[in-house]
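Worksheet: one structure, shown below.
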Amino acid sequence: MEDSNIERLVRQILQRAEDIYNLLSPGIPAEWFSSDLTVAQLRVLLVLQSSGASRMSDIASILDVALPTATGIVDKLVKKDLVIRETDPQDRRLVICRLSNTGQDLINRLWTSGQFQMERLLNGLNEEELEKAAEVTEMLFNNLTSNK
């Protein structure tokens with residue numbers, strides 16, 4: 001397939017994904033819009049969800065921010081009872097951060113909201129269409145896992 005055709009198809013898919021997002025956005029729970037979390041704070045929560053308990057330096061590296069910046073973000077999350085900061089038992093100079101129960105609950109609610117939106121997308125498709133959707137998601141998954 002020609003590069004220009006591939007680029008056109010990618011743009012078409014991204015545009016349709018944006019259209020879908022715009023149609024679904026009214027269904028996003030109001031609590032997510034009224035949250036006092038910043039994007040940077042949400043990114044830290046997502047890092048801790050995906051990586052588990054992490055050193056402050058690892059969080060900074062993953063987010064590509066300076067250590068003092070990561071520390072400031074985590075400080076605010078600790079005050080909100082979303083993150084717990086502990087010292088490493090092997091090296092007390094190292095700071096380990098992990099999601100608190102409240103932080104884990106928040107991430108779980110975000111995930112559930114996303115699952116609900118995905119169900120809205122799939123609801124009403126017939127069996128043949130669902131099989132095609134399953135095939136596409138499998139291709140996307142395989143593409144992601146083969147490039148690691």
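The values are calculated or read from the model by the stated rules, or taken from the named source; none is laboratory data. Not measured: the values here are computed from a predicted model. Ideal geometry is used to build each Cβ from the backbone, glycine not excepted, and the neighbour counts take in all protein chains shown.
Data for the structure
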read-out	value
Filtered residues of segment 24-44 (kept if surrounded by 10 or more Cβ atoms within 10 Å (Cβ to Cβ) and either touching a Leu at 6+ places or on another chain (Cβ under 6 Å) or at pLDDT 80 or above (or both))	Leu37, Thr38, Ala40, Gln41, Leu42, Arg43, Val44
Any chance Arg109 is out of contact with any Pro (no Cβ under 6 Å at 6 or more places or on another chain), farther than 30 Å from Asp19 by Cβ and modelled with pLDDT under 95	no
Hits in segment 102-140 - residues which are touching an Asp or Glu at 6+ places or on another chain (Cβ under 9 Å) and under 25 Å from Ser57 (Cα atoms)	Thr102, Gly103
